[in-house]
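Working notes for the structure below.
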Amino acid sequence: MDNLDLTTIVSIVAGILYLLIVGAILRRRGFREWTGRFLTLYAVVLCLLELVRGISRLGWLAFLTDAILAQVVPYGTLVLALLFLHMSRSFLRLKGPGWGWWGLGLVWLAALVALENSLLSLPESLLLGSGWLGASRGTTFDVLLLGWAIFVGGAAFSTIITFTRMHQPLHRNRIAYWFLALAFTSAGAVPFFAVPDVRYEPLSSGLYLLGVLSAAYAVLTHRLFDIRQAMRRIMNYLVSTLLAVLLYTASFLVARYLFQTMPGYNPWLIGVALALLLSILFDPLLQLVRRLVSRLFSGAVYSASRTLREYSTSIGNILDLEQLATVAVGLISEAMEVRHGSLFVVHFEEGKGEGESGYFHLRGVRGMGAGEGLIPSTLSAESPVADYLRQERSPLTQYDIDLHPRFREVSSAEREWFTGLNADVYVPIYAKGEWIGFLALGPKRSGDRYFDDELTLLSTLADQTAVALENARLVDDLRARTREIERLNEDLARANLELTRVGQAKSDFIDIASHELRTPLTQVRSYSDILKEMIETDSLSAKGGTKLTQGLKKAAERLEEIINTMVDVAQIDTETLELTLFSESVDSIVKSAVDTWTTALEERNLTLTVEGLESLPSISADYKRLKQMFSHLIQNAIKYTPDGGQIRISGRMLEWTLPQDQSVEIVVADTGIGIAPEDLERIFEKFYRVGDVLLHSTGKTKFKGAGPGLGLTIARGIVEAHGGRIWAESAGHDEKTCPGGEFHIVLPVQPRSSEPENRVVFLTGQ
Ligand code: ADP
């Protein structure tokens, strides 16, 4: 065993250590996660490299010739770099398996093999002389170095990018360990590329080992030691030691200078006196230094007991949820310098189905800096997060939700919601053993994590919040209920009013119907009585008979008309009014409607003019129905305009509409008594008539002769069935000044395609 030098021992020991590391990884993580798998593979490759190198040096592996051994390190280094890159991607949870990188790695290895075997007819070899130590820097070496640099660069780039994007201190701390692992493993490869000398081999082995240890620590440990805090402690220690040394030296020199000339000067005595003085001064000085250093590195220095006192006195009497949230989060933020935070109220709802475990409804109350984006959410009672917050009675960090195996089953929707809150820590609040809320606190201004003592303080503060939150929640519920009752009351009042109106309309209808039907019925009865008597007395002449039957016919027609009106209204009500559409001219429809009223217009001495209708395009319309509608509007105009007045019917194209929804507008205007503003809409309602129904005189064209109050309802039904609109305009109602009224009708040139098919029967051509 004369070959047993330091290099060999280090290789063998490192190889054994890697075996132990692999064992630890498999025991802690199994082979479940990709990061763990890559790390295992990485350690196995390193272990093999070290063992092969070490054992072959002992001369035990004779079949491994120098030529083969010389290949092991270069290829191994490249494979390690490629593995580290993939391990980093998986550790940083970058999306996708990185097929591109795998492809590049394979191509690179293939290129190296090709170059090495001079397949690309390059005469030199990767390794000349005695193994890689004597490597000449040829093309092959450069290709190897470039490949290594690309893979390590890729890993470094991914790590840096993820670190800068990540704002949560716990995640950043985790990534910081990855930087360490990356730095150590890269440094481990440097001796091979830069100073190929066998003496540096142990250094390289040690660096790789440190790298793997850092990576294994970061991968296997959930609660990683805080690097910032470690640095702070080291700084504290360094600064205070330095200070003590400086103080001691300076005081010693000063004392010596001052007392040297004094008789009986004894350096020992001076030394002891100074040591005494320093030991008295040192503790307060150390405290001061600690405070200064921690202020320098973190900024937040607060007293837990004072915070607790202030907190409990401030929130005790608050009954308003929002105020409670603002004060609670405000006080915490003041102490710990938190960027934002909010209070969430939790309501549990039992599951309705069999075996359903229920839900927690989470409602955010504005806190500080997180006003918007507090979207309410629901957590299933089986969710691991709900389970933790209900049971554990200790704060939960977002880092835990992201990485701890306990939260692996959290649904993606819940995960997304928590991530969206942008909080670092969730502090649950309990009252009477029930989980009733939580504080979601954002990152600290200092960029520090929430340390354990702070989490304990936060739990205590949350306990203080419980009573106030319970009270505020009750008050809030009460307020919401009062608001609901108020709203219901208003709805009830509205419904009552509507009912009264409908009731009134119904009784009006009965009055009107009996009033309307009675006249023609009386006529029928009278004519038939006269007819009977004349037949009995044998006095019925042909002329008298004709007159009587004409009277009977007229009365029957009126009855039919009233019944038709009611049927129309029923059809409009049930939306079963059927239209038969043809391409029709508005002008001819209106004129034929006017024709029916010529006699009445003459009788009442009214002038009716029709303008601008000839130029309108044909529209697709139900001739009979539109004529019925215009006829009714003209009849109304006649009825509500005093003798000698004017009626004007005009039309125009609506210019601004798109070609596919071109419309025409027709206005029927009169110089009559007009309509009061509050009646402009109501007159279209069923049975609505302005004024007392029984004061109306019945008659088709008499001034103010009323109908059953259904005409405009039918008119609107017809226009709307055509896809159009109808409305009334008037300066007001006045029987003396007669401000007049206008009825506007807008009809589409083409029927709207959205019209229900059962209402429109569209026939093309005439
Ligand atoms: P009616 O069968 O009573 O005429 P309508 O539905 O046609 O019922 O009209 C409802 C009410 O609208 C009428 O009672 C009347 O008061 C008012 N009204 C309708 N047209 C006019 C008009 N041109 N001028 C003034 N008032 C009108």
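The values are calculated or read from the model by the stated rules, or taken from the named source; none is laboratory data. Predicted model, so just to flag it, every value in this text is computed and none were measured. Quick reminder, even Gly has a Cβ in these numbers, built from the backbone with ideal geometry, and neighbours come from all protein chains shown. Heavy atoms of the whole protein, side chains included, go into the accessibility calculation; ligands, DNA and RNA do not. Shrake-Rupley method; radii C 1.70, N 1.55, O 1.52, S 1.80 Å.
Taking the Cβ-Cβ separation of Val475 and Glu334 as r and a Förster radius of 35 Å, what is the calculated FRET efficiency to the nearest 0.05? Efficiency computed from Cβ-Cβ geometry: 0.85.
Extension gain, Met653-Thr599: 0.36 nm per intervening residue step, less the Cα-Cα distance, totals 16.3 nm. For the chain, the longest principal axis of the alpha carbon atoms and the long axis of helix 169-194 meet at an angle near 50°. Using a simple spin-label model with pseudo-atoms 7 Å out from Cα toward Cβ, Arg306 and Glu678 lie 6.7 nm apart. Here segment 569-659 is treated with +1 on each Lys and Arg Cβ and -1 on each Asp and Glu Cβ, and its dipole about the Cα centre works out to around 140 debye.
The residues neighbouring Glu350, those whose beta-carbon lies less than 15 Å from its own, together hold a net charge of -3 under the Lys/Arg +1, Asp/Glu -1 convention. Summing +1 for each Lys or Arg and -1 for each Asp or Glu, what net charge is found among the other residues whose Cβ lies under 14 Å from the Cβ of Tyr430? Neighbourhood net charge equals 0. For Gly732, the amide hydrogen comes within under 5 Å of the amide hydrogens of Ile675, counting only partners 5 or more places away or on other chains and with H modelled in the peptide plane. Once the Cα-Cα distance is subtracted from the 0.36 nm per residue extended length, the Ala731 to Ile280 segment shows a gain of 152.5 nm.
Length gained on full extension, Leu58 to Leu20: 11.5 nm, using 0.36 nm per residue less the C-alpha separation. Sparsely packed loop sites in segment 434-498 (the chymotrypsin sites (Phe, Trp or Tyr not before Pro) outside DSSP H, G, I, E and B with at most 15 other Cβ atoms within 10 Å) comprise Phe451. Checked against a 28 Å cut-off, the cross-linked pairs Lys547/Lys591; Lys553/Lys627; Lys95/Lys352; Lys547/Lys702; Lys624/Lys736 give Cα-Cα distances beyond that limit for Lys547/Lys591; Lys95/Lys352; Lys624/Lys736.
When Val13, Val345, Val327 are compared by accessible surface with a 1.4 Å probe, the order from highest to lowest is Val13, Val327, Val345. Of the GluC sites (Glu not before Pro) in segment 407-473, which ones lie in a loop per DSSP and count no more than 12 other C-beta atoms within 10 Å? The qualifying sites are Glu409.
Annotation for segment 540-605: GluC sites (Glu not before Pro) lying in DSSP loop with at most 16 further Cβ atoms inside 10 Å of their Cβ are Glu575, Glu578. Between 0 and 90 degrees, the angle of helix 201-220 with respect to the longest Cα principal axis of the chain falls at about 30 degrees. Counting charges near Gln168 (Lys, Arg +1; Asp, Glu -1) among other residues having Cβ under 12 Å from its Cβ returns a value of +2. Helical content of the chain, expressed as a calculated mean residue ellipticity at 222 nm, amounts to -20000 deg cm²/dmol (DSSP H runs of 4 or more residues, -39,500 (n - 2.57) each, divided by residue number, nearest 500).
Averaging 1/r over each pair of different alpha-carbon atoms in the chain and inverting the result gives 37.3 Å, the Kirkwood hydrodynamic radius. Taking the accessible area of segment 509-554, probe 1.4 Å, and keeping the other protein chains in place, the carbon and sulfur fraction comes to 59%. Accessible surface area normalised per residue over the chain is 53 Å², counting heavy atoms of protein chains with a 1.4 Å rolling probe.
Computed from label points 7 Å out along Cα-Cβ, the spacing between Phe252 and His167 is 5.2 nm. Normalising the average separation of contacting C-alpha pairs (under 8 angstrom, six or more residues apart) by the number of residues puts the relative contact order of the chain at 7 percent. Under 14 Å from a label point set 7 Å out along the Cα-to-Cβ vector of Arg223, the amide N atoms of segment 451-470 belong to 451-457.
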